[in-house]
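Trainee: Provided herewith is a single structure, encoded as structure tokens, for subsequent inquiry.
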Amino acid sequence: MKRDLFSLKNKVAIVTGGNQGIGKVVAGYLADAGADIVILDIQDASKTAEGIAEEYGVRTAAFTCDVTDPQAVDTCIKAAAEKMGTLDLLFNNAGICLHKDALLCTPEDWLKVINVNLNGIFFVAQAFGKYLTDHNKKGNIVNTASMSGTIVNIPQGQASYNASKAGVAHLTKSLAVEWADKGIRVNSISPGYIRTEMTGTVRQDWQDYWVSTIPFGRMGTPEELAGAVIYLLSDASTYTSGLDMLIDGCFTVV
């Protein structure tokens with residue numbers, strides 16, 4: 001290769017929901033690709049950030065942030081830019097899931113999921129996009145959607161989650177078109193069943209059923225998402241925007 005197309009050296013990447021699960025693992029891979037890392041999380045992620053800095057020799061920072069609060073998001077984005085000197089990349093990953101039948105879902109249940117999974121994605125992307133345009137910078141965003149935005153999962157009821165993730169996928173396409181002339185690329189990944197802290201607490205019979213319906217015969221791992229995120233954030237994908245990449249062990253194919 002003429003150059004390392006997948007390098008993220010000299011870039012600063014924000015990772016939301018980076019204190020555990022997919023966010024934490026992918027943050028480490030982004031650091032391994034050379035990026036300095038800023039974690040935004042509802043929990044204190046300072047120890048996670050320190051661990052990444054020690055392991056990969058990059059600069060890191062952590063800010064406690066509620067992504068459903070647009071003012072808090074704006075404040076954290078500005079603070080991150082000031083601390084790190086610049087911002088270049090965003091892995092917009094924070095999310096929650098509620099397994100609850102639609103007939104039993106309260107207005108509070110619905111709003112909580114939509115606020116984190118869809119509104120939060122928008123508020124962070126908007127604040128990040130404003131930073132880039134205000135500073136005449138190009139940049140890349142990868143949002144975390146889900147295969148649940150494409151299919152309906154069973155046996156669990158999770159209409160709120162499914163609807164929120166379908167919204168993320170289409171929001172991604174909308175922002176990609178709006179911001180194409182600004183040099184801001186926006187893509188999303190749609191993971192299938194991934195073994196994390198979140199899925200590990202689900203009742204075992206559901207987990208067994210999920211695995212039985214996946215052609216790969218197993219759940220994926222957060223590590224198996226990292227390559228896609230690196231590709232979409234790097235110069236290897238300079239003509240790619242508005243893509244929703246399904247990474248699901250063939251689940252949605254059959």
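Trainee: Restricting to the stretch 208-254, what's the tally of residues that are surrounded by fewer than 16 Cβ atoms within 10 Å (Cβ to Cβ) and aliphatic (A, V, I, L, M)?
Mentor: Within the stretch 208-254, residues that are surrounded by fewer than 16 Cβ atoms within 10 Å (Cβ to Cβ) and aliphatic (A, V, I, L, M) number 4.
Trainee: So if I check each of 115, 143, which one is of a type outside the set (D, E, K, R), within 30 Å of residue 12 (Cβ to Cβ) and touching a strand residue (DSSP E or B) at 6+ places or on another chain (Cβ under 6 Å)?
Mentor: Going through 115, 143 in turn, the sole match is 143.
Trainee: Something else about it: Suppose we keep only residues that are under 15 Å from residue 117 (Cβ atoms), at pLDDT 95 or above and touching a helix residue (DSSP H, G or I) at 6+ places or on another chain (Cβ under 8 Å) within the stretch 171-207. Which one would you say is surrounded by the fewest Cβ atoms within 10 Å (Cβ to Cβ)?
Mentor: Among residues in the stretch 171-207 that are under 15 Å from residue 117 (Cβ atoms), at pLDDT 95 or above and touching a helix residue (DSSP H, G or I) at 6+ places or on another chain (Cβ under 8 Å), the one surrounded by the fewest Cβ atoms within 10 Å (Cβ to Cβ) is 171.
Trainee: Considering (1) among the polar types (S, T, N, Q); (2) more than 15 Å from the chain's Cα centre (by Cα); (3) part of a helix (DSSP H, G or I), say which one residue 241 fails and leave the rest.
Mentor: Unmet for residue 241, out of (1) among the polar types (S, T, N, Q); (2) more than 15 Å from the chain's Cα centre (by Cα); (3) part of a helix (DSSP H, G or I): (3).
Trainee: Another question, if that's okay. Test each condition in (1) of a type in the set (Ser, Thr, Tyr); (2) buried (at least 21 other Cβ atoms within 10 Å of the Cβ); (3) more than 16 Å from residue 141 (Cα to Cα) for residue 56 and report the one that comes out false.
Mentor: (2)
Trainee: Given the conditions (1) within 25 Å of residue 138 (Cβ to Cβ); (2) in contact (Cβ under 8 Å) with a residue 60 or more places away in the chain; (3) touching a helix residue (DSSP H, G or I) at 6+ places or on another chain (Cβ under 6 Å), which single one is not true for residue 30?
Mentor: Among (1) within 25 Å of residue 138 (Cβ to Cβ); (2) in contact (Cβ under 8 Å) with a residue 60 or more places away in the chain; (3) touching a helix residue (DSSP H, G or I) at 6+ places or on another chain (Cβ under 6 Å), residue 30 violates only (3).
Trainee: Pick out, from the stretch 17-127, the strands (runs of 3 or more DSSP E) lying fully within it that include 3 or more residues that are more than 28 Å from residue 183 (Cα to Cα) and of a type outside the set (S, T, N, Q).
Mentor: In the stretch 17-127, there are no strands (runs of 3 or more DSSP E) which contain 3 or more residues that are more than 28 Å from residue 183 (Cα to Cα) and of a type outside the set (S, T, N, Q).
Trainee: Still on this structure: Counting just the residues of the stretch 97-118 that are among the polar types (S, T, N, Q) and surrounded by fewer than 19 Cβ atoms within 10 Å (Cβ to Cβ), which one comes out farthest from residue 189 (Cα to Cα)? Spell out how you get there, then give the answer.
Mentor: Of the stretch 97-118, the ones among the polar types (S, T, N, Q) are 106, 115, 117.
The next check asks that each one be surrounded by fewer than 19 Cβ atoms within 10 Å (Cβ to Cβ); those that pass are 106, 115.
Values: 106: 29, 115: 19 Å.
Step by step, filter the stretch 97-118, then rank; the result is 106.
Condition check ((1) over 16 Å from residue 145 (Cβ atoms); (2) assigned to a helix (DSSP H, G or I); (3) of a type in the set (A, V, I, L, M); (4) in contact with a Pro (Cβ under 9 Å, 6 or more places away or on another chain)) across all residues:
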residue: 187; (1), (2), (3), (4): no, no, no, no
residue: 199; (1), (2), (3), (4): yes, yes, no, no
residue: 205; (1), (2), (3), (4): yes, yes, no, yes
residue: 208; (1), (2), (3), (4): yes, yes, no, no
residue: 212; (1), (2), (3), (4): yes, yes, no, no
residue: 229; (1), (2), (3), (4): no, yes, yes, no
residue: 254; (1), (2), (3), (4): yes, no, yes, yes
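The values are calculated or read from the model by the stated rules, or taken from the named source; none is laboratory data. Just so we're clear, the structure is a prediction, and the values are computed from it rather than from any experiment. Note that each Cβ is placed from the backbone with ideal geometry, even for glycine, and that neighbours are counted across all protein chains shown.
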